[in-house]
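Below: the structure, in structure tokens.
The values are calculated or read from the model by the stated rules, or taken from the named source; none is laboratory data. Just so it is clear, the model here is predicted, and its values are computed rather than measured. Don't worry about glycine lacking a Cβ; one is built from the backbone with ideal geometry, like all the others, and counts go over all protein chains shown.
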Amino acid sequence: MGDNPRPDTDCLEWKDQLPMDWLVQLDTDRFLLFTLVFARISGLTMTAPIFGTREVPLQVRGLFAFALALLIMPTQWNVATIQPASMPNYVVLLAAELLIGLFLGLGIVFLLSGAQLAGGLIGRLGGLTLADVFDPASNEQVPLMGRLMCLFTLVIFVAIGGHRMVIRVLLDTFESLPPGCMALPVSIAHTLRELLTQSFVLGLRISAPVIMAVLLATLVLGLIGRTLPQLNLLAVGFGLNSMLSFGLLAMVLGIGAMVFQAQVEPTLELMTDALHAPFGSIGP
């Protein structure tokens with residue numbers, strides 16, 4: 001019995017060696033891979049609606065990106081990463097991952113901007129330009145109807161599960177573009193231009209009923225003005241345009257919900273196809 005080591009002594013020696021063993025076994029490759037995954041997710045969470053709005057504190061967005069990176073990291077555990085030869089090469093890797101996340105977030109921002117554009121058109125045609133409100137997300141005055149349409153479409157986006165669709169597209173990017181690849185699809189710029197065009201078209205489609213109604217009312221008032229020159233068309237036209245805008249508001253909201261809902265999936269598919277396109281080198 002005298003030859004056996006004391007249990008308490010072995011336990012103390014094991015505790016003393018544990019921190020040093022943990023530091024020795026730290027895998028730098030996996031740490032590098034985690035930073036790349038975290039950079040891609042950060043680009044999305046800093047720009048995409050719901051995840052990256054300014055109403056959400058920066059610390060909360062950072063913690064959300066970190067938690068999401070921890071959840072995605074096990075799926076990328078066996079991915080072979082490129083060891084950067086220098087710090088500039090490592091910065092290029094981080095920038096590439098950040099651009100992928102920014103691309104996904106900006107695509108959804110462009111979609112919601114189309115709805116805000118529709119609200120701005122309705123407000124201007126309806127004579128509601130004086131009813132501007134301060135938007136804390138953009139730190140500027142925005143039309144009241146534009147802010148209403150933006151919040152309304154944001155609710156529709158959450159109701160149809162758009163935030164889950166965005167996360168699904170993000171997970172798909174890790175299959176088509178593994179972390180650390182020194183290439184980006186060459187069609188990203190073209191896709192962003194296409195999304196910007198679609199946002200303008202979306203705004204016109206949502207505001208089309210009010211635009212047509214105001215144009216017809218202006219035409220009728222012009223005919224009445226030629227018949228009754230003594231009529232004050234400025235006062236009558238201002239009230240008529242406002243009445244038409246508010247009267248068609250329920251129709252505009254219904255049409256906007258249907259048009260926006262129908263546009264969400266094609267937009268996400270367009271971004272997914274862009275990330276599966278041929279690659280172009282971004283670094284040595």
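Check whether at least one residue in the range 18-27 is within 30 Å of A95 (Cα to Cα) and at pLDDT 50 or above, and report yes or no.
yes
Taking L125 as meeting all but one of (1) surrounded by fewer than 19 Cβ atoms within 10 Å (Cβ to Cβ); (2) in contact with a helix residue (DSSP H, G or I) (Cβ under 8 Å, 6 or more places away or on another chain), write down the number of the exception.
Exception for L125: condition (1).
Could you list, in sequence order, the residues of the range 170-180 that are among the hydrophobic types (A, V, I, L, M, F, W, C) and surrounded by fewer than 18 Cβ atoms within 10 Å (Cβ to Cβ)?
To start, the set of residues in the range 170-180 that are among the hydrophobic types (A, V, I, L, M, F, W, C) comprises 170-171, 174, 177.
Across the range 170-180, the qualifying residues are L171, F174.
Considering only residues that are under 30 Å from L112 (Cα atoms) and modelled with pLDDT under 75, which ones fall in the range 57-92?
Those that are under 30 Å from L112 (Cα atoms) and modelled with pLDDT under 75: none in the range 57-92.
Of all residues in the range 199-231, how many are of a type in the set (S, T, N, Q) and modelled with pLDDT under 70?
Going through the range 199-231, the residues of a type in the set (S, T, N, Q) turn out to be 199, 207, 218, 227, 230.
Then drop every residue that is not modelled with pLDDT under 70, which leaves 230.
Looking only at that region, the number is 1.
Read through the list (1) closer than 21 Å to V169 by Cα; (2) assigned to a helix (DSSP H, G or I); (3) of a type outside the set (F, W, Y); (4) at pLDDT below 85, then give the number of the only condition that D8 fails.
Unmet condition: (1).
Can you tell me which residues in the range 191-224 are free of Cβ contacts under 8 Å to residues at least 60 places away in the same chain and within 18 Å of the chain's Cα centre (by Cα)?
R193, T197
Taking the conditions exactly as written (touching a strand residue (DSSP E or B) at 6+ places or on another chain (Cβ under 6 Å) and either at pLDDT below 80 or within 30 Å of V92 (Cα to Cα) (or both)), does V186 satisfy them or not? Before you say what the answer is, go through the steps one by one.
On the way: touching a strand residue (DSSP E or B) at 6+ places or on another chain (Cβ under 6 Å): yes; either at pLDDT below 80 or within 30 Å of V92 (Cα to Cα) (or both): yes.
Judged against the criteria, V186 is a match.
How many residues, within the range 183-227, are of a type in the set (D, E, K, R) and either surrounded by 14 or more Cβ atoms within 10 Å (Cβ to Cβ) or not in a helix (DSSP H, G or I) (or both)? Don't jump to the end; show me each part of the working.
First pass over the range 183-227, keeping only residues of a type in the set (D, E, K, R): 193-194, 205, 226.
Applying the additional criterion that residues be either surrounded by 14 or more Cβ atoms within 10 Å (Cβ to Cβ) or not in a helix (DSSP H, G or I) (or both) yields 194, 205.
Going through the range 183-227 one residue at a time, the tally reaches 2.
Quick test for you: out of L253, L234, pick the one residue that is at pLDDT below 70 and not in a loop (DSSP other than H, G, I, E, B). Spell out how you get there, then give the answer.
Numbers: L253 fails: at pLDDT below 70.
When all the criteria are applied, what remains is L234.
Looking at the structure I just gave you, is F103 buried (at least 21 other Cβ atoms within 10 Å of the Cβ) and either at pLDDT below 75 or touching a helix residue (DSSP H, G or I) at 6+ places or on another chain (Cβ under 6 Å) (or both)?
Against the criterion (buried (at least 21 other Cβ atoms within 10 Å of the Cβ) and either at pLDDT below 75 or touching a helix residue (DSSP H, G or I) at 6+ places or on another chain (Cβ under 6 Å) (or both)), F103 qualifies.
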